[in-house]
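The values are calculated or read from the model by the stated rules, or taken from the named source; none is laboratory data. What you see is a predicted model; the values in this text were computed from it and never measured. Virtual Cβ from ideal backbone geometry, glycine too; neighbours counted across all protein chains shown. Calculation scope for accessible area: heavy atoms of the full protein, side chains included, ligands and nucleic acids excluded. Shrake-Rupley method; radii C 1.70, N 1.55, O 1.52, S 1.80 Å.
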Amino acid sequence: MDMPVSDRGRELRAGSRRFARGPSLAARLIAPRFAKIIARIDAALISGTIHGILPDGSRRKVGGRAPGFECVVELRSWNALVRLASNGSVGWYQAWAAGEWWSPDPVPLFALFMQHAARLGDTARAKGPFRHALKLAHFVNRNTHHGARKNISAHYDLGNDFYAVWLDETMSYSSALSVGEDGLAAAQRRKWAGLAGRIAGADAVLEIGCGWGGLAADLATRGTKVTAISLSDEQLAWARAHHDVGVDFRKQDYRDTTGEFDAIVSVEMVEALGRAYWPAFMDCIARRLKPEGRAAIQYISMRDDLFDDYAQSADFIQAYIFPGGLLIRTSEFRALAEQRGLRWTDQTDFGGDYAETLRIWRENFDAAIADGRLPHGFDRQFCDLWRYYLQYCEGGFRGGGIDVHQVTLVKEGA
């Protein structure tokens, strides 16, 4: 169906176009020849297959050496490869948005590229002026006190009515745990129970980045006094209206918190900070925890061996979805914790559950569009961007380059 043009979500739709355009004529002239790009991708794939349809109608099988992810890609314009080679994942999205390539299911393609990221090298990464432009965009979006409020608003203040039609009833916008036949909401509650178990016995808890308040409310019903902070006006309004269980919901930056707590919980908030602010986050944990206090953290990581290349520029997610963000490098994050007397314990990894969570979100999102339940004001461009985002992330988890974890940090006694 045709959707009206609207301003809702305009900040995300604009994305990196303010800093990185499509390839210029000069870029096309100096870009690697198309056959060479395809050959490099083919050489990198040791498993899985891309069944390609080229702009002239011919077909090309890329990979196919061993079983793995299978995908179909119709390349409708050679310019899509130029964008990929010069502007990485941002260019590949721009090519998709421009109709220069198509796939009936891009998830296995994203998984295949993630699985072989180390072997692909810079084949699908931004280069030269494009990389510098994206890096500048990421720097402009850094999470200073002012920048953090702006970045959070761009994503989380899209509207509670928007999120409510495709999240589950718990309004949890993070990975569920042990996703199974009993549904996503039950798996989200298992996630809450897992976090609660890590801080069992705590009387006073601080939640950093409380979202729509479901976890904070769950902890409160267990007899815990909870202070929950967020920078999103929309989320806080929902939380206060739907969780009348005595939680102290505050609009507050984690850097401005005061007091001491028996425990801290934070679920997929640290990815929004950017690398420059990881030390400040760990400083907050160390300052606000009482001796022997515990912090239960759920976070998303980029595989250590891929992190340096990933962090040198900005990818599609940083450009269009989470301005200012960066996935976590576990080894570096852990070192920051331990330098502050926070013992890293009981790490659990469950990336497969995130892939399933994302799949269900996408199915819910598509069903909301098909049924006409999506709130008024989101145009087709935004809906296509959001679907691409959910598919891109699902592929990343299925490909194994990114993962999600829970870990407990224990503050050493004074």
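Taking 56 Å as R0, compute the FRET efficiency from the Cβ-Cβ separation of R222 and D366 and round it to 0.05. Mind showing how you got there, number by number?
Values: r = 36 Å, r/R0 = 0.64.
That gives a FRET efficiency of 0.95.
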List the chymotrypsin sites (Phe, Trp or Tyr not before Pro) within the range 287-361 that fall in a DSSP loop (any state other than H, G, I, E or B) and whose Cβ has at most 13 other Cβ atoms within 10 Å.
none
Once A66 and A280 are pulled to full extension, the length gained, defined as 0.36 nm per residue separation minus their Cα-Cα distance, is 72.5 nm
Expected field for D309, accessible surface area in Å² at 1.4 Å probe radius, rounded to 10, holds 60 Å²
Tell me, what HN-Hα J-couplings in whole Hz come from the Karplus equation 6.51 cos²θ - 1.76 cosθ + 1.60 at θ = phi - 60° for each residue of the range 272-288, using x for Gly and Pro?
7, 7, x, 4, 5, 10, 4, x, 5, 5, 5, 4, 4, 4, 5, 6, 8
A correct Karplus calculation of ³J(HN,Hα) over the range 302-319, with 6.51 cos²θ - 1.76 cosθ + 1.60, θ = phi - 60°, whole Hz and x for Gly and Pro, returns 9, 3, 3, 6, 9, 5, 4, 5, 4, 7, 6, 9, 9, 9, 4, 4, 5, 6
Could you calculate the contour length gain from I53 to R76, that is, 0.36 nm times the residue separation minus the distance between their Cα atoms, to one decimal place in nm?
7.5 nm
Protection proxy ranking, peptides 282-290, 97-105, 256-264, average beta carbon neighbours within 10 Å, highest first
282-290, 256-264, 97-105
Pull up all non-local amide H partners of L289: gap of 5 or more, or a different chain, and H-to-H distance under 5 Å with H placed in the peptide plane.
F261
